[in-house]
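The values are calculated or read from the model by the stated rules, or taken from the named source; none is laboratory data. Bear in mind the structure is a predicted one, so any value in this text is a computation, not a measurement. Cβ placement follows ideal geometry from the backbone for every residue including glycine, while neighbour counts extend to all protein chains displayed.
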Amino acid sequence: MFQQVINFLNSNNWQYVELQSNQTITFGIAGENGNFKCIADTIKDENRFIFFAIYPTEIPNDKRNVMSELITRLNFGRFLGNFEMNYDSGELRYRVSLYHGTLLPNEDMVREMIFTSIVSMDIALISINALIEQNISSIKAYQMIKD
């Protein structure tokens, strides 16, 4: 699985860093709506692949309740992946994961998982940033990308 991720990143000429575990890769994305960090974790011993697109800053304490409402709205009806927030630290991320057992996912599956995460985070940045920077409701922030 690790090699499929490397092949995908190389085929797109993306710069990345392999962490010492030889299972984890990190890289940055400059999206249309902002920048954020990505982590691909291939947990070989457990036959799992997890990909995160991570919001660049922690969500402020006073915005975590309303952010929870926003990510609930963003998650409803999603087929692949979800937004999640660590309420204690304020870390916000989009996560896609796969248990692949003995099957080895192909590059198309890897591409779909990575692009779903990146595009989902990039689009949501509009609502997330507005919610943090402005005094608006989660409904209004959500409608910014749904209208």
Handout entry: Test for Phe27: is it surrounded by fewer than 18 Cβ atoms within 10 Å (Cβ to Cβ) and closer than 21 Å to Gln143 by Cα
Key = no
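Mind checking which strands (runs of 3 or more DSSP E) fall wholly inside segment 48-143 and carry at least 1 residues that are polar (S, T, N, Q) and surrounded by fewer than 18 Cβ atoms within 10 Å (Cβ to Cβ)?
In segment 48-143, the matching strands (runs of 3 or more DSSP E) lie at 82-85, 92-99.
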Practice task
Please indicate, with yes or no, whether at least one residue in segment 14-23 is assigned to a loop (DSSP other than H, G, I, E, B), under 27 Å from Ile139 (Cβ atoms) and not aromatic (Phe, Trp, Tyr).
Solution key: no
Practice task
Go over the candidates Asn65, Asn33, Asn47, Asn86 one by one and state the one that is out of contact with any Leu (no Cβ under 7 Å at 6 or more places or on another chain) and within 18 Å of Tyr142 (Cβ to Cβ).
Solution key: Asn65
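So that you can scan it fast, the table gives a plain yes or no per residue for (1) at pLDDT below 90; (2) charged (D, E, K, R); (3) under 20 Å from Tyr55 (Cβ atoms); (4) over 13 Å from the mean Cα position of the chain (by Cα):
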site: Glu91; (1), (2), (3), (4): no, yes, yes, no
site: Thr116; (1), (2), (3), (4): no, no, yes, no
site: Val119; (1), (2), (3), (4): no, no, yes, no
site: Leu131; (1), (2), (3), (4): no, no, yes, yes
site: Ile136; (1), (2), (3), (4): no, no, yes, yes
site: Ala141; (1), (2), (3), (4): no, no, yes, yes
Completion exercise
Residue hits (segment 27-51; touching a Phe, Trp or Tyr at 6+ places or on another chain (Cβ under 7 Å), modelled with pLDDT of 90 or more and β-branched (Val, Ile, Thr)) are Ile29, Ile39
